[in-house]
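The values are calculated or read from the model by the stated rules, or taken from the named source; none is laboratory data. Given the structure is predicted, the values throughout are model-derived calculations rather than measurements. So basically every Cβ, Gly included, is an ideal-geometry build from the backbone, and we count neighbours across all protein chains shown. Only protein heavy atoms, including side chains, enter the accessible area calculation; ligands, DNA and RNA are left aside. Shrake-Rupley method; radii C 1.70, N 1.55, O 1.52, S 1.80 Å.
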Amino acid sequence: MNNVSNSTSANHQNIKIITLDPGHFHAALVQKEMYAGIDPEVTVYAPGGAELEAHLALVKQYNERAENPTKWVEKVYTGSDYFEKMLSEKKGNVVVLSGNNRQKTEYINKAIDAGLHVLGDKPMAINFQNFNLLQAAFAKAAQKKLLLYDIMTERSEITNILQREFAQVPELFGELKKGTADDPSVIIESVHFFYKFVSGKVLTRPAWFFDPTQQGDAIADVGTHLIDLVQWECFPEETIDYKRDIKINSARIWPEPLTISQFSLITKQSAFPEFLKQYVKNDTILQTHGNGEINYTLKDVHVKTIARWEYKAPPGGGDTHYSILKGTKSNLEIKQGKEEAYQPTLYIIPNGSQNSFESTVRNTISKLNNTYAGVTTEKTANGWKVVIPQSYKIGHEAHFGQVMTRYLQYLKDKKLPEWEVPNMLAKYYTATKALEMATK
């Protein structure tokens, strides 16, 4: 059995990645750069087909780029017994899982049984039954001294980081309000787009991406990022007990229509496959499970999260993020609309007089510059816009490398931070319990 102690030496030969059935492009983004401490040889197990080819093409693109090329060597096994083969051969000790979510929780569980560390893309559970299995996997991982961790890229986005930092400054933010069901103190909304570019090319999505039993509903998929940000920003490094600290008040889901021509452009398939027919209206409109909302309390703070999908972003746009934390002294608001040129932008909006608040903002920014040099503010009609140097805006794709770097440090330390596992459980409980409520 592999365990943390024999798999985390500085010698790169001792950390070796296994990629399992890479049906989602996130599996390749983990390999967009090289890392000290990882063997460049990666063993890939998959059933074969277009998804595997797309994954290998992306890794090849990174290997062959002119600037800072990677040096990955992909060893590929294809066959219907790919999962069993992975377990029996154990050609590595860290399994990267990013693909069809239908069996992901089961794969996680069996990989832990086999003594393998797991870095899983979100979501690691798409329904409440999966959540119970995931809970068992975490318990076994603890016993075996294995690290099971999910890929939370949004923690690396600079406006989220600074929103979190400012919320911990009592002079600026005060205390987080409790709010009410009608006026939540935390609101986070994310809009993703089916048609998008990845590493400079239009992404081809597999047809199963549109099946909620394979990809998951929006609130149990993208929604995990939003729930994670609420926990990470509002209660940093605090342990959350999902049985005691979370109460889901209401949840709802609603479809996003997608025409057959739009579906064909995204998937390169001319017709809806049989497994999607139950979601199709009038033969040509797919009612995707693309939208969801959760209203809940976390440690008595009222929270609303909204996960939405649309077909295509406006010119110059991309996935968008809105977030507000309401404090007793100011609100911290992230917008990413047309006015912000579709770039995430953080605002500080005081609850009282702007004049008396100006020195507080100035002092806060001055102290912040010790850690985040070059961050400044610009006056607006309602308060201040936080001006962030371009060097901090590395982009979503680069965030995967930052997650991997964090995970490698945890492997080296032989443990995750104490709060991470209970908070992952809290996150997946919130998402899957809310989905259960929304579908009753």
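The table below lists the values:
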{"item": "Pair list, Cβ under 6 Å, 6 or more apart: region 412-440 residue closer than 17 Å to Leu147 by Cα, other residue modelled with pLDDT under 95", "result": "Lys412/Thr8; Lys414/Val4"}
{"item": "Filter pass, Ile187 being over 19 Å from Ala111 (Cβ atoms) and of a type in the set (Val, Ile, Thr)", "result": "yes"}
{"item": "Matching entry among Lys104, Lys144 (being surrounded by fewer than 20 Cβ atoms within 10 Å (Cβ to Cβ) and not polar (S, T, N, Q))", "result": "Lys144"}
{"item": "Subset tally (residues that are closer than 24 Å to Arg362 by Cβ, among the polar types (S, T, N, Q) and not in a loop (DSSP other than H, G, I, E, B)) for region 145-188", "result": "3"}
{"item": "Neighbours by Cβ (under 6 Å, 6+ apart or cross-chain): first from region 288-302, touching a residue at least 40 places away in the same chain (Cβ under 8 Å) and within 18 Å of Lys247 (Cβ to Cβ); second buried (at least 20 other Cβ atoms within 10 Å of the Cβ) and among the basic types (Lys, Arg)", "result": "Asn295/Lys304"}
{"item": "Scope region 189-231; condition open to solvent by 20 Å² or more (accessible area, probe 1.4 Å), assigned to a strand (DSSP E or B) and touching a helix residue (DSSP H, G or I) at 6+ places or on another chain (Cβ under 9 Å); matching residues", "result": "Glu189, His192, Tyr195, Lys201, Val202"}
{"item": "Positions within region 240-280 being in a strand (DSSP E or B) and farther than 27 Å from Ala431 by Cβ, in sequence order", "result": "Thr259"}
{"item": "Every pair of residues 6+ apart whose Cβ atoms lie under 6 Å, when the first sits in region 119-131 and is modelled with pLDDT of 95 or more while the second is open to solvent by less than 20 Å² (accessible area, probe 1.4 Å) and of a type in the set (Phe, Trp, Tyr)", "result": "Leu119/Tyr149; Leu119/Tyr407; Ala125/Phe131; Ala125/Tyr428; Phe131/Tyr428"}
{"item": "Some residue of region 117-135 being open to solvent by 40 Å² or more (accessible area, probe 1.4 Å) and of a type in the set (D, E, K, R)", "result": "no"}
{"item": "Filter result (surrounded by 21 or more Cβ atoms within 10 Å (Cβ to Cβ) and either of a type outside the set (Ser, Thr, Tyr) or at positive phi (or both)) within region 41-53", "result": "Val42, Val44, Ala46, Glu51, Leu52"}
{"item": "Region 172-201 residues that are free of Cβ contacts under 8 Å to residues at least 60 places away in the same chain, paired with ones that are open to solvent by less than 50 Å² (accessible area, probe 1.4 Å) and in a strand (DSSP E or B) (beta carbon under 9 Å, 6 or more apart)", "result": "Asp182/His302"}
{"item": "When residues of region 165-188 are limited to those that are under 30 Å from Gln215 (Cβ atoms) and open to solvent by less than 50 Å² (accessible area, probe 1.4 Å), the one nearest to the chain's Cα centre (by Cα)", "result": "Ile188"}
{"item": "Residue list for region 326-371, restricted to those being among the β-branched types (Val, Ile, Thr), in contact (Cβ under 8 Å) with a residue 60 or more places away in the chain and part of a helix (DSSP H, G or I)", "result": "Thr360, Val361, Thr364"}
{"item": "All positions within region 424-440 that are surrounded by 23 or more Cβ atoms within 10 Å (Cβ to Cβ) and under 28 Å from Ile38 (Cβ atoms)", "result": "Met424, Lys427, Tyr428"}
{"item": "Qualifying residue in region 318-328 (condition: among the charged types (D, E, K, R) and open to solvent by 60 Å² or more (accessible area, probe 1.4 Å))", "result": "no"}
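Conditions tested, residue by residue: (1) within 30 Å of Arg252 (Cβ to Cβ); (2) touching an Asp or Glu at 6+ places or on another chain (Cβ under 9 Å); (3) surrounded by 14 or more Cβ atoms within 10 Å (Cβ to Cβ); (4) at pLDDT 95 or above.
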| site | (1), (2), (3), (4) |
| --- | --- |
| Asn370 | no, no, no, yes |
| Glu378 | no, no, no, yes |
| Trp384 | no, yes, yes, yes |
| Tyr392 | no, no, yes, yes |
| Ala398 | no, yes, yes, no |
| Leu416 | no, no, yes, yes |
| Pro422 | yes, yes, yes, yes |
